[in-house]
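*Asks:* Have a look at this one before I ask anything.
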Amino acid sequence: MNVPTTAVWRRLPAWTLAITCVLAGAALGQTPTAGKSLRVVREVDFKNLPEGLPKWETGLINNTWTGDLSTISIVPTDAEFGKALEVDVSNFAQISLGGPYKVEAGTTMRLSGSISARPPVQYTIHLRRGTECLRVDGSAMEQWKRFNFIVTTRESCPDAYIHLCIFGVGKVWLGNLRLEEYEGGMPVQPPPRLGNMLQNSSFELGMDGAWYRDNSKLSHEGPRNSGRAVIDDTLAASGRRSLRLEGNGIYSSSYYPVAYQQHYTLSFSARADYDGAGVYAEFIGPKIIGRGVRVPRDRWERIVIPIDVKNPEGQVLEVPAASVRIGENIPAGKYVWIDDLDLRYGGPAPYQPCADREIALTTDKPHNRVDEHDPFAVKIRATVWGTANNVPAGGLPMQLTLMDEMDKVVQQWDTVLRIEWQGVQEDSPRCINLAGEVALPKGLPPGYWRFVTKNGLEARYEGEALVAVTPRLPAQTPFDWPAGNHTGPDEIDSSYGTRWVRLHDCSIATRWWRVEPAKGKWTWDASDAEIAAYRKAGFRVLGLLEGVPAWRTRSGKFGHSVLEYPDRDFTDWKNYVRTIVARYRGVVDAWEVTNEPVFAGKSFDGQENPLWYTEILKQAYQAAKEVDTKVIIVGAAGGGQVEKNDKWTAATIGAGLFSYCDVFSYHGYGRTGTILLSKTDDYFGYVDWLHEEMQQRIGRILPIWDTENGYGPRSNTRKYWLPYHEGFAPLDMARTLAVAFACEQFKGVEKTFYYHGWHYRLTEPAVLMNFHDVNGQLTPLTVTLPVAIQQLYGLQPGTASRQGLATILQFTSPAGEKQRRSVWVVWTDRSPQPVELDVSAGGKVTAVQVFGRPFAVQEAGDKVKFQARPWPVYVTAQ
């Protein structure tokens, strides 16, 4: 998948740190500075429109990416402005609010209106047509909220339309929208928070925060100097610990709220063990500002960098936010240490932590993943700013609270944290470290559990650990295992039920330009080691036949896609395929030919993309079969949209696609994502169409794999909660995964590779489906997926039905299986719905909720009754 990023990390000179500040727009509800409207571009007063469907309903855009057609209407409200536009959204809605308008670059625009939603959703409003000259982003909550954005357009739009885009599930109401050219300043900004904003800024609490440990694995030039960011106990400017950067290691903080039109200062201590060391300061917001600073050898030096947060241009969000990054391409075997970071409003000041005390929680298990009922311990670390005399003689008392997925308190413990006396000076103000733990000898049942600490009933939570307790899955990984992901090499110990790996964005191990950088010169050591590590960790491997080395392109630069092959002499392409397939026979389990070829453009001689891709696939298929007749070649590579009669897919099918692959693959964004919550028939029709085409073209049904599927969960941690990301989106995405997995399994899709964007984890709002959050903890997805696999693996699809708002998919055991069982997966679109199931007479009935714990149902003879909700329930009769 091609993912836009806020910033692209550049290869920097050897003396360079990076600071990143990503900005969002004006605070809502603030009174603007003196100004006036110059021209009203668009004003929609919904109270003058009749109730029901508005006259301009043709402005509703059926977004082809998701295929989701939402319902819009005009409804009365209790708000002061009366009627509002109501949008009933099941995944994504894009609505035109008028146009075209001509807007020049550099024009100050004011966008105002009121918005509400149930449940909370994210929205954007664009002014665009081809190019985008204005965009604002915000969150709509259940209470009405007045938004007031002022932004300067960054590009000219000769024929722009206003689009409202909504991301979520539920209903959204929009009132009295107004877009105008405006003369005046930004809204008056509230005073920002005082003091140091960065948590764990002296690194005494360990790896608490966002670290980008290594950005070398995906280098298109091949591995350079691999990097890490690790906690160091040997050197510190204060306290006991600092952050040591190696190679391409980068530190990246979470986001913290700042304010426009304000002055900030970033300061930190740094030292290096070599001459000429340095770091690079980069501020990314409305404009990018970079600055290199020197780091002295063998001594700590305080570095101070002033930052002015200016008004945005082109795109704003509700709350401005800043992130700090520090990193450099440090020579092999050399190090740079960073300590005592301080980002604060105003001018420079002596270092002081974010709070007088900070607390971090973790467990004794990697990534806080635990098998059900396995013993584990919650480890509590604290740092107190002051002297040892500030800590009670008997230790620091602490209360640990356990909560479930919905933040319901389950259990509490009282414990005491003891001082770690190493290096403590009783009369010297500094970071005093304390530690303790709470053991759980019987573990926990399956679920997504949250441990927090706080000081007093009314106090805010200080420490947090998110613990994923998963059901036990088979130790072995058979070929038919249904789930995989794009897990990075640094996380291969954590499969969480995804026992396949697709070597795309997580690895360049099989790229042509990596293994044959010069004609006839093959380099295998790095690729061999990486693939061997995956196999040792228990992964099955889907390799990618992809890319063109620089020596075989017309430009003399390597080609990202194999569709950049420059002519019709396929000798070199087929030689690469034969060589790599032969080398990894029995090690790489299947091969996919390129990634999303639909985006690669036409061939060198103008042949249409679908025909050129089919030719490339044909040549690879024939070459691979020459060296291994049993090799599995995966074709289509997620090229088309997941919709019936997609033009690209239809064209490749017409060119003979099914004759040149053993597996058909698509990328399940949109239709196999949240849209399945209410429109399963659309997705089912897509798979049925593929089956019909296969039967007609080649007389048999090929397996289907979803080799890239992603959603957009927000951060699941409360401690680093983004100010403009509200609601419980991670839980919504966990529910979505369970529904999508059931729908794909029901239609016979053999495997789904979830897009775990590990290398995008530079900052908190990871744009794709992440199995880890910024602290390396797991998200709720890592529980709902193993539960779904445990419930459905090995079963065959039965019947699909609906009862009111509820969707019911039945799965059954294969014929001839001794222990016969049926499993019903039941969920609703939005509201609760009474459901009654017919089950086998005399059979044992059990039910579990989406996180794997028992769910209460009422049995009456052959009937089972319960209240279905949006969260899936698995009912089993055997």
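*Asks:* Give the accessible area for residue 372 in Å² (nearest 10); use a 1.4 Å probe, count only protein heavy atoms, and leave out ligands, DNA and RNA.
*Replies:* 40 Å²
*Asks:* Which FRET efficiency value, to the nearest 0.05, is calculated for residue 831 and residue 442 with the Förster distance at 51 angstrom and r the Cβ-Cβ distance? Mind showing how you got there, number by number?
*Replies:* Values: r = 37 Å, r/R0 = 0.73.
Efficiency for this residue pair is about 0.85.
*Asks:* Rounded to the nearest 0.05, what FRET efficiency is calculated for residue 308 and residue 819 with R0 set to 45 Å and r the Cβ-Cβ distance?
*Replies:* Working: r = 69 Å, r/R0 = 1.53.
According to the calculation, E is roughly 0.05.
*Asks:* I've got another one for you. Just the ratio, please: alpha-carbon radius of gyration of segment 797-853 over 2.2 N^0.38 Å, N its number of residues. Show your work: numbers first, answer last.
*Replies:* Details: Rg = 12.7 Å, N = 57, 2.2 N^0.38 = 10.2 Å.
Computed over Cα atoms of segment 797-853, the ratio equals 1.24.
*Asks:* What is the set of long-range amide H partners of residue 83 at a cut-off below 5 Å, with H atoms built 1.01 Å from backbone N?
*Replies:* Under 5 Å from the amide H of residue 83: 47, 77.
*Asks:* From the protein chains alone at 1.4 Å, what is the descending order of accessible area for 840, 603, largest first? It would help to have the intermediate numbers written out before the result.
*Replies:* Values: 840 75, 603 10 Å².
So, going from the largest accessible area down, we get 840, 603.
*Asks:* Which three semi-axes in whole Å describe the equivalent ellipsoid of segment 292-420, each the square root of 5 times a Cα gyration tensor eigenvalue, listed largest first? All intermediate terms of the calculation are to be shown ahead of the outcome.
*Replies:* On the way: eigenvalues 245, 109, 79 Å².
Here the semi-axes work out to 35, 23, 20 Å.
*Asks:* Suppose the chain between residue 301 and residue 700 were pulled fully straight at 0.36 nm per residue; how much longer would it get relative to their current alpha carbon spacing?
*Replies:* Details: separation 399, 0.36 × 399 = 143.64 nm, distance 7.02 nm.
Taking 0.36 nm per residue and subtracting the Cα distance, the gain is 136.6 nm.
*Asks:* Between residue 277 and residues 5 or more places away or on another chain, which pairs have amide H atoms under 5 Å apart, with H built 1.01 Å from N, and which residues are they?
*Replies:* 295
*Asks:* Hey, what's the per residue convex hull volume over the C-alpha atoms of segment 450-604, in cubic angstrom? Please list the in-between numbers first.
*Replies:* Working: hull volume 27.3 nm³, N = 155.
Cα-based convex hull of segment 450-604, divided per residue, equals 176 Å³.
*Asks:* Another question, if that's okay. How do the peptides 650-660, 797-807 rank, highest first, by the average count of neighbouring beta carbon atoms within 10 Å per residue?
*Replies:* Descending packing order for the listed peptides: 650-660, 797-807.
*Asks:* Tell me the volume per residue, in Å³, of the convex hull enclosing the alpha carbons of segment 514-586.
*Replies:* 92 Å³
*Asks:* Enumerate the amide H contacts of residue 155 below 5 Å, restricted to partners 5 or more residues apart or on another chain; note that Pro and chain-start residues carry no placed amide H.
*Replies:* 106
*Asks:* On to the next question. Going through segment 505-614, which trypsin sites (Lys or Arg not before Pro) have at most 13 other Cβ atoms within 10 Å and a DSSP loop state?
*Replies:* On the way: sites: 511, 514, 519, 521, 535, 536, 540, 552, 554, 557, 568, 574, 578, 583, 585, 602; in loops: 511, 519, 554, 557, 568, 585, 602.
The qualifying sites are 519, 554, 557, 568, 585, 602.
*Asks:* In whole Hz, with x marking every Gly and Pro, tabulate ³J(HN,Hα) for segment 98-106 from phi via Karplus 6.51 cos²θ - 1.76 cosθ + 1.60, θ = phi - 60°.
*Replies:* Rounded to whole hertz, the list is x, x, x, 10, 9, 10, 8, 4, x.
*Asks:* Treat each spin label as a single point 7 Å out from the Cα along the C-beta direction, and report the residue 650 to residue 681 distance in nm.
*Replies:* 2.1 nm
*Asks:* Another question about this same structure. Quote the accessible area belonging to residue 279 in square angstrom, nearest 10, computed with a 1.4 Å probe and with ligands, DNA and RNA left uncounted.
*Replies:* 0 Å²
*Asks:* Average the reciprocal distances over every distinct pair of alpha-carbons in segment 553-625, invert the result, and give the Kirkwood radius in Å.
*Replies:* Working: mean 1/r = 0.0771 Å⁻¹.
In segment 553-625 this quantity evaluates to 13.0 Å.
*Asks:* If each residue of separation counts as 0.36 nm, what is the full-extension length gain between residue 567 and residue 526 once their alpha-carbon separation is subtracted?
*Replies:* Working: separation 41, 0.36 × 41 = 14.76 nm, distance 2.98 nm.
Contour length minus the Cα-Cα distance gives 11.8 nm.
*Asks:* If each of residue 142 and residue 418 carries a label point 7 Å out from its Cα toward its Cβ, how far apart are those two points in nm?
*Replies:* A separation of 4.6 nm, rounded to one decimal place.
*Asks:* Related question: What's the extension gain from residue 840 to residue 555 if we count 0.36 nm per residue and subtract their Cα-Cα distance? Each step should come with its number before you reach the end.
*Replies:* Details: separation 285, 0.36 × 285 = 102.60 nm, distance 6.67 nm.
So the extension gain works out to 95.9 nm.
*Asks:* Oh, and also: How large is the accessible surface of residue 385 in square angstrom, using a 1.4 angstrom probe and rounding to the nearest 10?
*Replies:* Residue 385 exposes around 60 Å² with every protein chain in place.
The values are calculated or read from the model by the stated rules, or taken from the named source; none is laboratory data. These numbers were taken from a predicted model, which means no experiment stands behind them. Methodologically, a virtual Cβ is constructed for each residue, glycine included, from the backbone with ideal geometry; neighbour enumeration extends over all protein chains shown. The protein model used for the area step is the full one, side chains on, heavy atoms only, and it has no ligands, DNA or RNA in it. Shrake-Rupley method; radii C 1.70, N 1.55, O 1.52, S 1.80 Å.
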